[in-house]
Structures are given as structure tokens and as C-alpha cells.
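The values are calculated or read from the model by the stated rules, or taken from the named source; none is laboratory data. Please read all numbers here as calculations on a predicted model, not as lab measurements. Here the Cβ is made from the backbone with ideal geometry for all residues, glycine too, and neighbour counts use every protein chain on show. Accessible surface is based on the protein model in full, side chains and every heavy atom, while ligands, DNA and RNA are left aside. Shrake-Rupley method; radii C 1.70, N 1.55, O 1.52, S 1.80 Å.
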Amino acid sequence: ASDAGGNIQMREIAVFGENLEPPTYEVVSEGLDEAYVNNRHSVSLLRGKLFTAQRLEQDAWTEWRVGDDVKRFWTNGVLGDTNHLWEGPGRFVYDLEKSGPITEVVLMAATGQDQAGNQFSGNQHQSYRISIADTPAALFTEAAAEDITYQNVRNAAGLSFRFLEGQAPAGRYIGVEIHGPSWGANNIWMDEVAVYDGTPPPPVPETHAVYD
């Protein structure tokens, strides 16, 4: 710049950042226990349903044959009676039989030990991906109505994905992709998967003390 005119000469100005859209959901890990799952089991859209599964092998998703006895554990509304799957990651798809709004997705990983003393470490799952669509082919693609990837940095055993008011996606199919702990064989320990459409659960019966 000259002393007389105070001229300014610039070569470049640049601004970098991300175009962030407003959030459509929140993730809650507190207050998720057996009572939470039990009380809402009657209104879970997945109650008693069985998933179809795929496993990632050599960078391709292929059919994963899982016994019905294992599948039933994931949607029976009971925590603690689970079984684990070896060598994930895996994708698990449920057919809700009709398209409709989804207001909440709950993932409950198994923790603790089985009768043989084997340690369940579902709280150490690396990440989850939730996809909602009207066709199986649209799941986990840009055509999905909703696609959420969540890194489980909290090491949380229970996670509730709650869509904000007016933001609930709609779909007939829901897929859950699970990546197990980074150590070992990427095994998957899940206890319960539940999906809700906003229908309120029945009231919890009151208990009263009985005195002789």
C-alpha cells in the first residue's frame, strides 16, 4: 500500500467449511434398561419379527445364514437371553410389512457373561448404521429415506435414535449395519432391536403395598 492513498492489494481470500444441515434426530444412551424395553415391547414394530442378514466378505455383502433361534432373541422384548454372531460386520434387515413413520430406533447390545463365562462386549461395537427405505434395494444407498452412521465412541450398550418432531422418516424396511469390536473377529453381540412409530406404550401398572 502507498503512504498516500492507503491502497490494498490482495491475492486470495478463501473460506472452507462444511454445509451442515439441521439435525433430524438425537441419540440418547441414558435410561435404557430392561424396563424401558419391556414396557414398550407391545408397541415395537419389530415385535417377534426375524431379520435377513448379510455379512461383509472381501468387500462384498453376501448372504449370512443365521438360525431362527438366534434371530428371535433380538425382538422378544427380553434382555439377557442373547447369542452372539461370529466374524462380522453384518447387515440385518427387517420387513415391517407396510410403510409408515418411524419415530425411534433402539439398539441394545449384550454385555456381561454367558453360562460358560464368555464375555459379551457389545458395548464395544465400533459403529452402527441405520437405514430406512420402502424397498430392500434402497437400503444403505442415497435412495433411502434415512441413513444414519453412528460411531460408538461412548462405548454405550444401549442407544436410542429419536427423530425430532416433524422429522420422522417413513419406510417399510429398516436395516441395521453393525461393526463389532476392533479387536478379535469383529464379533457381534446384540440383545434387542426395537422400532417405534410414536404409538404410546400401555401405562405401567401401579403397585401397592399390602399390609396385614
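Scanning the range 78-106 for residues that are within 16 Å of the chain's Cα centre (by Cα) and among the small types (Gly, Ala, Ser) yields Gly88, Gly90. Every condition in (1) part of a strand (DSSP E or B); (2) closer than 19 Å to Gly48 by Cβ; (3) open to solvent by 40 Å² or more (accessible area, probe 1.4 Å); (4) not hydrophobic (A, V, I, L, M, F, W, C) is met by Asp69 except one, and the failing one is (1). Applying a threshold of 8 Å to beta carbon distances and a minimum spacing of six or more residues, or different chains, the list of pairs starting in the range 74-85 at a residue that is farther than 17 Å from Ser42 by Cβ and ending at one that is surrounded by 18 or more Cβ atoms within 10 Å (Cβ to Cβ) and modelled with pLDDT under 80 reads Thr82/Phe120; His84/Phe120.
On the stretch given as the range 158-182, residues that are modelled with pLDDT under 90 and among the hydrophobic types (A, V, I, L, M, F, W, C) total 0.
In the condition set (1) modelled with pLDDT of 95 or more; (2) open to solvent by less than 60 Å² (accessible area, probe 1.4 Å); (3) not in a strand (DSSP E or B), Ala185 is compliant with all but (1).
Is it the case that some residue within the range 9-16 is under 30 Å from Ala137 (Cα atoms) and either open to solvent by less than 90 Å² (accessible area, probe 1.4 Å) or at pLDDT 95 or above (or both)? Write out each step before concluding.
Step one: list which residues in the range 9-16 are under 30 Å from Ala137 (Cα atoms), which gives none.
Within the range 9-16 (the criterion being under 30 Å from Ala137 (Cα atoms) and either open to solvent by less than 90 Å² (accessible area, probe 1.4 Å) or at pLDDT 95 or above (or both)), the answer is no, since none of the residues qualifies.
With respect to the stated conditions, Leu79 fails to be assigned to a loop (DSSP other than H, G, I, E, B) and either open to solvent by less than 20 Å² (accessible area, probe 1.4 Å) or farther than 28 Å from Phe163 by Cβ (or both). For the range 117-136, the set of residues classified as out of contact with any Ser or Thr (no Cβ under 7 Å at 6 or more places or on another chain), assigned to a strand (DSSP E or B) and open to solvent by 20 Å² or more (accessible area, probe 1.4 Å) consists of Gln119 only.
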